[in-house]
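What follows is a single structure, written as structure tokens, with notes after it.
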Amino acid sequence: MTDWTLFTSHGLILVSIAKNPDRTAREIGDDVGLTERTTHKIIIDLEEAGYITRIKVGRQNKYRIHHNVPIQDEIIDASLGELLTTLGWKRKIRKSKTGTTKKVD
């Protein structure tokens with residue numbers, strides 16, 4: 001077996017957050033095989049790049065994916081949401097008080 005993966009640590013953390021935005025940095029790091037400290041640094045990178053927003057809830061953070069942000073790559077012409085959808089991400093649907101549905105991140 002090889003020691004490399006197809007996705008970078010940044011990509012793996014982004015996918016982990018997309019799967020479960022309520023996880024702690026420690027849980028995200030455990031999911032992708034990185035330390036909590038490294039995971040925090042990458043989360044800051046992703047936030048600064050505009051891919052996610054960190055929302056403080058009590059003592060923990062929740063994360064919001066910005067699916068319309070274009071991927072910052074010269075070769076790829078897609079949005080973050082398009083890539084995550086290809087990898088199996090499904091946006092959550094929330095019902096409003098009026099009964100209409102709205103996709104949320």
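The values are calculated or read from the model by the stated rules, or taken from the named source; none is laboratory data. Not measured: the values here are computed from a predicted model. Every residue, glycine among them, receives a Cβ derived from its backbone with ideal geometry; neighbour counts consider all protein chains shown.
Where residues in the stretch 44-72 are among the hydrophobic types (A, V, I, L, M, F, W, C) and farther than 16 Å from L84 by Cβ, which of them is modelled with the highest pLDDT?
Step one: list which residues in the stretch 44-72 are among the hydrophobic types (A, V, I, L, M, F, W, C), which gives 44, 46, 49, 52, 55, 57, 65, 69, 71.
Add one more test, that the residue is farther than 16 Å from L84 by Cβ, and what stays is 44, 55, 57.
Details: I44: 97, I55: 93, V57: 90.
Among those residues, the one meeting the criterion is I44.
List the number of the failed condition for R64; all other conditions in (1) surrounded by fewer than 16 Cβ atoms within 10 Å (Cβ to Cβ); (2) in a helix (DSSP H, G or I); (3) touching a residue at least 40 places away in the same chain (Cβ under 8 Å) hold.
(2)
Applying the selection to the stretch 45-61, what residues are touching a residue at least 12 places away in the same chain (Cβ under 8 Å) and not in a helix (DSSP H, G or I)?
Keep residues of the stretch 45-61 that are touching a residue at least 12 places away in the same chain (Cβ under 8 Å), which gives 45-46, 49-53, 60-61.
Scanning the stretch 45-61 gives A49, G50, Y51, I52, T53, Q60, N61.
For the stretch 36-45, does any single residue satisfy the condition of being within 13 Å of the chain's Cα centre (by Cα), within 19 Å of K90 (Cβ to Cβ) and surrounded by 19 or more Cβ atoms within 10 Å (Cβ to Cβ)?
No, the stretch 36-45 contains no residue that is within 13 Å of the chain's Cα centre (by Cα), within 19 Å of K90 (Cβ to Cβ) and surrounded by 19 or more Cβ atoms within 10 Å (Cβ to Cβ).
Identify the single condition in (1) under 22 Å from S79 (Cβ atoms); (2) free of Cβ contacts under 8 Å to residues at least 40 places away in the same chain that W4 does not satisfy, given that it satisfies every other one.
It fails just one condition, (1).
Which residues, counting only those in the stretch 2-11, are charged (D, E, K, R) and surrounded by 14 or more Cβ atoms within 10 Å (Cβ to Cβ)? Walk me through how you get there before you give the answer.
Within the stretch 2-11, the subset charged (D, E, K, R) is 3.
Result: no residue meets the conditions.
For the stretch 12-34, what are the residues that are in a helix (DSSP H, G or I), crowded, with 18+ Cβ neighbours inside 10 Å, of a type outside the set (V, I, T) and out of contact with any His (no Cβ under 8 Å at 6 or more places or on another chain)?
Correct list: L12, L14, S16, A18, G29.
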